[in-house]
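Heads up: the structure comes next, in structure tokens.
The values are calculated or read from the model by the stated rules, or taken from the named source; none is laboratory data. Keep in mind that what you see is a predicted model, and the values were worked out from it rather than measured. With ideal geometry, Cβ positions are generated from the backbone for all residues, glycine too; neighbour counts draw on all protein chains shown. In case anyone asks, the SASA skips ligands and DNA or RNA and just uses the protein heavy atoms, side chains included. Shrake-Rupley method; radii C 1.70, N 1.55, O 1.52, S 1.80 Å.
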Amino acid sequence: MKKPRISPNFIVSVLMTLVVLIFAGFFGDYYFDLNDDVLMKDILSGAYTGTPAGHNIQMLYPISVFIALLYRAARSLDWYGIFLCACQYLCVFMVFYRSQKLCRDNLLKAEVAAMELAFMLGAVGAHFIFVQYTFTCGFLSATAVFLILTNREEGKRAFILPVLLIFLAYLIRSEMLLLTLPVVGVGILSKWWLVRLDLKDRQEGNIMVSRAGKRKELFNNYVFLCVAIVACIAVSAIAHRVAYSSLEWKDFDRFFDARTELYDFQYIPDYNENKAFYDEIGLDKSEQQLLINYNFGLDEEINTETLRAVASYADKLRTDEVSLTTRLINAVPEYLYRLRHVAGQKSYQYPMSDYPWNIITCVLYLGALVLYLFSGKKEKRLPVVLMLALLFACRSSLWLYIIVRGRDPVRITHPMYLVEIAVLVGMILAEHEQYRRNVFIPVVIAALVATVSVPNQVSIINEEMRERDSMRQHYGPLYEYFKENGDNFYFVDVYTSVSVADAIDYSEETFSEKMFENVDNSEYNHDIMGGWASKSPLYYKKLVNNGFESMEKALLLDNVYMVQLKGRDTKWLSDYYKDKGMSVSVEQVDLVADVFAVYSVTAE
């Protein structure tokens, strides 16, 4: 039997993907981008409760339980990190492979590979090293719409892979997929319309095939695509809802939504200025302080109704000050500024910069418009102008939405750019067979912008690595201290668990973990005093595993301690117990890495 031959397209795509991987490995080490990803990994691996758990809280249940099963099969591996990196490099490979298949001559293949490599290094760059599940979701969504727009096959089978990618993206981060889905929808509509305009009556053998019949078949195929996407989302949502259908998880879901609204989109009003409100909901000053320092896990009386009331009241105060219409109008200048501003990134996340993403996007908009207006078929000019206008209107609406909501970190904005760029490049490549290299002029210009940005990307990665290495010099000893004192349990102040900036004289990255290094997924003897997993069934399971009834009572035990940055006042803790009718002493018993103070809490 003849052995299957590995195509040159496949080989080139693998090699280009390896170049991206080597770039990431040469300039940095793989990190979970945020402490959120670390906690998700801990839940999945069993490091949080002792047992790998499918209820990841942040991701949908089907993908969470799949990763948890991998941990059950091989507990010593960093499966969550492997999974996220594999998804991203799979996207890189698919983009390269599809592009190589589109090109008919080797010179064009080399040119396209070089352009896409420049984009991967100059724009995406740091996201391959500092890995975050929200960006991974956006990468999958962008790859899916790129595959749809560059598809040359007929029939429904060509849509299976894109649908699976969207399905996976939704399971990983449903909110991000839904945020990118309108842009994906514009891409699907554009592809259908462009292909429809190319259909003509043609002779097949002795039979004349009417374009009307082909257009009907084409319409049915794209209806199938849209229905399949909706069906996958619906099935995923239903499966997730069933998995979280127990009373305890339903209660936590409501608490989680209230917490998200308060901390992500609202604020905590001042106690003295709003004492009447706090008295009305039964929240004293020490409890309000727990909301401010995020240590609300200490108080079992802070529940869903409490957080909802505070969030609703804060929203009312904010609406009284600035109306939604005014906020929307105020967001327009910022939106336009971010769209045109040219300046290299100063750091990986903050202050945020949209370059080179915004310039690449603008170049592709202009390039697609010029290409179709002056080089394309006459019947496609108006449809393409309308599709570009629809795409820009769609992206503008989404950007104004996130700016008004005040949630625009790079893990959200960069995936939005990525999906938009995928649509624009897909629309341009849709015409490459007719116009050969002319069609690549805007892509070449965009690639040059990305190429120029590579040194800046390398600089950003180096600086971020320096700050993260510094961060590990502090948190590494703290976690070693926890392990060395395995008979004790430690509750860590939330902001202490995030950053040591208040205790040192220089800037440092927030806490995260390096992937694939010193992997230890055994249950650990510490927890933070709040955060998004606080008061979940998993949190209460961890308390029970350690013989605790509540955090409030546990802190009074002999072998339980509170950890906080040195020099920070502990009066908030003694005030809390005082308002609960107990007098306690909070005494420092140890100092770790000259940064973390360890306190014992003793009832007097």
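What to note about this one:
- Rounded FRET efficiency, nearest 0.05, which uses the C-beta distance separating Tyr350 from Ile329 and R0 of 22 Å: 0.30
- Amide H contacts of Val560 (H built 1.01 Å from N, under 5 Å, at least 5 apart or other chain): Phe489
- Modelled label reach - Lys316, point 7 Å along Cα→Cβ, the range 277-296 residues with backbone N closer than 13 Å: 277-281
- Using a Förster distance of 30 Å, the FRET efficiency for Glu248-Lys580 (Cβ separation, nearest 0.05): 0.75
- Amide proton proximity set for Asp590, modelled H, under 5 Å, gap of 5+: Val598
- For Val492, distant residues with modelled amide H under 5 Å away: Asp527, Ile528, Met529, Val563
- Considering only alpha-carbon pairs that sit under 8 angstrom and 6 or more positions apart, the relative contact order computed for the range 501-604 is 24 percent.
- Among beta bridges from DSSP that stay inside the chain, the antiparallel ones total about 65%.
- Label-point separation, Asn462 to Ile6 (7 Å along Cα→Cβ), nm: 3.5
- Residue among Ala68, Leu102, Asn56 farthest towards the positive dipole end of the range 24-102, charges placed on Cβ: Leu102
- Positive-end residue, the range 69-120 charge dipole about Cα centroid, Cβ charges, pick of Ala113, Cys87, Leu77: Leu77
- A simple charge model with +1 on the Cβ of Lys and Arg, -1 on the Cβ of Asp and Glu and nothing else charged puts the dipole of the range 440-559 at about 460 debye relative to its Cα centre.
- Placing pseudo-labels 7 Å out from each Cα toward the beta carbon at Leu90 and Leu591 gives an inter-label distance of 5.0 nm.
- Backbone geometry of the range 32-45 corresponds, through the Karplus equation with coefficients 6.51, -1.76 and 1.60 at θ = phi - 60°, to 3J(HN,Hα) couplings of 5, 4, 10, 5, 4, 5, 5, 5, 4, 4, 5, 5, 5, 7 Hz, x marking Gly and Pro.
- Net dipole in debye of the chain [+1 Lys, Arg Cβ; -1 Asp, Glu Cβ; about Cα centre; nearest 20]: 4560
- Accessible area per residue in Å² at 1.4 Å probe, computed on the chain: 44
- Helix 61-73 vs. the chain, principal-axis angle (Cα, 0 to 90°, nearest 10): 70
- Note on Trp193 and Arg72: the extension gain reaches 38.8 nm, defined as 0.36 nm multiplied by sequence separation minus the Cα-Cα distance.
- Rh by Kirkwood over Cα pairs, then Stokes-Einstein D for the range 282-426 at 1.306 mPa s and 10 °C, µm²/s: 85
- Centre separation in Å (Cα based) which lies between the range 435-498 and the range 308-368: 23
- Dipole of the range 120-263, positive end: most advanced residue of Val227, Ala144, Val195 [Cβ charges, Cα centre]: Val195
- Among the listed values (1) 1.19; (2) 1.07; (3) 1.12, the one matching Cα Rg over 2.2 N^0.38 Å as calculated from this structure is (2).
- Electrostatic dipole magnitude of the range 394-504 [Cβ: Lys, Arg +1; Asp, Glu -1; Cα centre; debye, to 20]: 540
- Enclosing the Cα atoms of the range 474-604 in their convex hull gives a volume equal to 123 cubic angstrom per residue.
- Normalised by 2.2 N^0.38 Å, where N is the number of residues, the C-alpha radius of gyration of the range 301-381 stands at 1.84.
- Count Lys and Arg as plus one, Asp and Glu as minus one, and take only other residues whose Cβ is under 13 Å from that of Glu523; the net charge is then +1.
- Average Cα contact separation per residue, the chain, under 8 Å, 6 or more apart, as relative contact order %: 20
- On Cα atoms only, tilt of 378-405 relative to the major axis of the chain in degrees: 0
- Of all accessible heavy-atom area on the range 3-76, the percent that carbon and sulfur account for (1.4 Å): 70
- Taking the 1.4 Å solvent-accessible surface of the range 132-196 as the whole, the part contributed by carbon and sulfur is 65%.
- Residues in the range 445-450 carry Karplus couplings, in order, of 4, 4, 5, 5, 4, 5 Hz; the curve used is 6.51 cos²θ - 1.76 cosθ + 1.60 with θ = phi - 60°, and Gly or Pro positions show x.
- As a length-normalised measure over Cα pairs under 8 Å and 6 or more apart, the relative contact order of the range 1-136 settles at 34 percent.
- Rolling a 1.4 angstrom probe over the range 521-591 with all protein chains present gives an accessible area of which 46% lies on carbon and sulfur atoms.
- Helix axis angle, 247-260 relative to the chain longest principal axis, alpha carbon, degrees: 80
- 3J(HN,Hα) along the range 184-195, derived from phi through the Karplus expression 6.51 cos²θ - 1.76 cosθ + 1.60 where θ = phi - 60°, amounts to 4, x, 5, x, 5, 4, 4, 4, 4, 5, 5, 5 Hz, with x in place of Gly and Pro.
- The chain - mean residue ellipticity at 222 nm from DSSP helices (-39,500 (n - 2.57) per run, n ≥ 4, rounded to 500): -20500 deg cm²/dmol
- The range 139-202: mean projected area of Cα convex hull, nm²: 4.4
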